[in-house]
Amino acid sequence: MTTWGLVVETTVGMGERKHVEAHVVAHVSGTRAEALAELERRARGYAPEHPRSPARRRLLKEADGFLLVVDGAWQSFATRFTVAELLEDSAAPVTVPEPVDADDDSGDADEPAEEVERYADGVPVRPAWLGRDDLP
């Protein structure tokens, strides 16, 4: 299944210090259409920091996402929402398969793994460390 990154590039700062910063706000596993639908939901609900008193707000659809242009009293601020296929992630957790013991007849292999409740971006709702007695 393809993993898509939802990228938000937004204008930050004011005047001469105004610049664009980019952030991957979520990952979506599935089709490109599903990723675009989630990106559109986020774009429609996005409230940029600047301008503080928006005069006009326009959301435009592009081939790979959306462009939000918010006009203020003196300046316009743009936020670009892009969907892009994740090809590599240096911070992704490394999964090493556990060795299978052929002599183990405990029957645990037939039991389904415990389902973990997760947010839409894949982060567990309850951290794994919560409630452990062996942690300081």
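The values are calculated or read from the model by the stated rules, or taken from the named source; none is laboratory data. Keep in mind it's a predicted model, so treat the numbers as computed, not measured. Here the Cβ positions follow ideal geometry from the backbone for every residue, glycine too, while neighbour counts run over all protein chains shown. For accessibility, only protein heavy atoms count, side chains too; no ligands or nucleic acids. Shrake-Rupley method; radii C 1.70, N 1.55, O 1.52, S 1.80 Å.
Could you give the nm distance between label points at Thr2 and Ala37, where each point is 7 Å from its Cα heading toward the beta carbon?
It is 1.5 nm.
How long is the gain from Gln75 to Val25 if the chain were fully straight, where each residue apart is worth 0.36 nm and the alpha carbon distance is subtracted?
Extending this stretch completely gives an extra 15.4 nm.
Sort Met14, Met1 by heavy-atom solvent-accessible area, probe 1.4 angstrom, most to least.
Result of the area sort, largest leading: Met1, Met14.
Please state, as a whole number in µm²/s, the translational diffusion coefficient that the Stokes-Einstein equation yields for segment 2-43 at 10 °C and 1.306 mPa s, with Rh defined as the Kirkwood radius across alpha carbon pairs.
Diffusion coefficient, whole number: 139 µm²/s.
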